[in-house]
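J.: Sharing a structure here in structure tokens format.
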Ligand code: B12
């Protein structure tokens, strides 16, 4: 295809003349590149200016002309971005010629659609549709992705909508119970195995357990054995279980710092026997200091990864010394 052929009827003669003097066949104007790749001219310009993704040649009159190599870079950039990479990271990979990292998440649009279906079904109190949406999500994505990208953000948003009066208490209870049931389904058998042990509990007065359940599911998938005590657990009961099971870690959750602080002394005593981590919105650095615990200030899936990594690192250290 010649450059002349690429110009539309609205291009003036000067441009046409300059283009024909350009670097020759195969070169595209930005509008044509946009049409071929489906990326808007504005975004192409942004990728060119911010990341030097495009390296056009210029006609004598200064018009940019793009080569087949530019087009190929745009297509790789599209693949990486739709695979979930940030634009800057995608551009770096494209320019370095490296292959896509294995961990590129699935295209966001599909995940977003599935998450939208789930939210709409829960809003309609439609249990079969909500479970079907979850079945689809779990068959298409890893459990970690569904927890991290769909369920935790959904619950967070649900709380905001409830607070703003956009959803009723009935909707909130329906949705959280359905999700709880699915998390417990994923939890089946999580006490088995020979991996390190974790005791998980919500402190007294605390009834929000979904983050803790998600964390337990993520940790068990890393080979850990989970002993789940659930909501509103007395600290002395947690201490009893800890003495008999000798877990590698105890994780305590609360939405509210006061629920920790009301039992600061007992938690500090427990932390003298075993590694205790605290999590949830109530787990502040001040609470950690007073209870001599460690704050897990990540989302449940990332926190499971951190606990597992730190445990392995400690094991490596022990073996070296
Ligand atoms: C579901 C829900 C309930 C359910 C809980 C059901 C269950 N079995 O767990 C029920 C109906 C019982 C409930 C009751 C109440 N709730 Co409520 N609830 C929620 C809701 C919608 C979701 C909670 C949840 O599971 N979130 C999922 C977690 C994973 O997300 P997250 O809270 O954003 O947490 C982040 C981090 O802290 C971290 N994280 C959280 N937990 C954990 C655990 C681990 C181990 C790790 C590593 C990380 C981690 O991960 C998240 C992402 O980074 C929230 C909204 C919200 N913002 O979350 C309100 C919310 C927590 N509830 C609230 C309130 C006010 C109440 C009630 C007082 C209402 C009432 N008047 O009765 C009671 C209190 C009950 C009690 N004593 O504990 C407020 C809390 C305000 C506050 N700061 O104290 C919230 C924030 C709603 C709001 N926007 O106002 N609730």
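Just so it is clear, none of the values below were taken in a lab; they were calculated from the coordinates. A quick note: this is a predicted structure, and the numbers were derived from the prediction, not measured. No Cβ is skipped: glycine too gets one built from the backbone with ideal geometry, and neighbour counts run over all protein chains shown.
J.: Which one, 293, 57, 227, has the greatest fluctuation when you compute a Gaussian network model over the chain with C-alpha springs under 10 angstrom?
T.: In this elastic network of the chain, the residue with the biggest mean-square fluctuation among 293, 57, 227 is 57.
J.: Run the simple label-point estimate for residue 125 and residue 72 please: 7 Å along Cα→C-beta, distance reported in nm.
T.: 5.9 nm
J.: P(r) of the chain in 10 Å steps, Cα pairs, percent per bin?
T.: So the P(r) values, bin by bin, are 5, 20, 22, 18, 14, 10, 7, 3, 0.
J.: Of 184, 93, 210, which is the most mobile in a GNM of the chain whose springs link Cα atoms less than 10 angstrom apart?
T.: Result: 93 has the largest fluctuation of those listed.
J.: Another question, if that's okay. Expressed as a whole number of Å, what is the distance separating the alpha-carbon centroids of region 141-189 and region 271-321?
T.: 25 Å
J.: While we're looking at this one, here's another question. Evaluate E = 1/(1 + (r/R0)^6) for residue 305 and residue 88, where r is the Cβ-Cβ distance and R0 equals 25 Å; express this FRET efficiency to the nearest 0.05.
T.: Efficiency, from the Cβ-Cβ distance: 0.60.
J.: When the chain is fully extended, how far beyond the present Cα-Cα distance does residue 321 get from residue 46, taking 0.36 nm per residue of separation?
T.: 93.7 nm
J.: Return the FRET efficiency for the residue pair residue 142, residue 207: r is the Cβ-Cβ distance, R0 is 30 Å, and the value is rounded to the nearest 0.05. Walk me through the numbers on the way to the answer.
T.: On the way: r = 28 Å, r/R0 = 0.95.
Once the sixth-power term is evaluated, E becomes 0.60.
J.: Per 0.36 nm of contour for each residue apart, how much would the distance between residue 246 and residue 269 grow if the chain were fully extended, relative to their Cα-Cα spacing?
T.: 6.8 nm
J.: R0 = 30 Å: FRET efficiency of residue 194 with residue 298, Cβ-based, nearest 0.05? It would help to have the intermediate numbers written out before the result.
T.: Values: r = 26 Å, r/R0 = 0.87.
Efficiency for this residue pair is about 0.70.
J.: Using a Debye calculation, one point per C-alpha and no hydration shell, please list log10 I(q)/I(0) for region 108-186 at q = 0.16, 0.18, 0.20 Å⁻¹ in order.
T.: Once normalised to I(0) and log-transformed, intensities are -0.53, -0.68, -0.84.
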